[in-house]
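Coordinate-derived values only; no laboratory data. Fair warning: this is a prediction, and the values are worked out from it, not measured in the lab.
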């Protein structure tokens, strides 16, 4: 980090020492370039993390569609149960069928709820971890690109 106020050595004929001023300018340019590279890396990381979140959102949406399809199947089964109850030709057979269908409906409903809940929990965890990584990157000017890569690899490994 460079000093805010820099005092340059004066020359005997007035002005400042040219070599010292040029050296200082080179230091400023080197520091500027270093920060530019860090900023670009953080922006790339941000884009990558945003893309990961979008992919997780798509996964959750797909799971919600599956749940809706399961619920429609459940409704169809319930309709079939009602039709069987109306026939009542064989009371024992009908009651067994109704009981089995009720169990199937219950199992399918519970499975669908668990799938959605699990996906939402995983997305929430992923979003929290992504936020932590972004916060670390944004708040720590000393973060090395290698450290950022390690954090992201660890996060992706946990999400699988």
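Things worth noting here:
- Gained length - residue 30 relative to residue 103, 0.36 nm times residue gap less alpha-carbon distance: 19.3 nm
- Mean shadow area of the range 49-159 over all directions, Cα convex hull, nm²: 7.9 nm²
- Relative to the current alpha-carbon distance between residue 87 and residue 150, full extension at 0.36 nm per residue lengthens the span by 16.2 nm.
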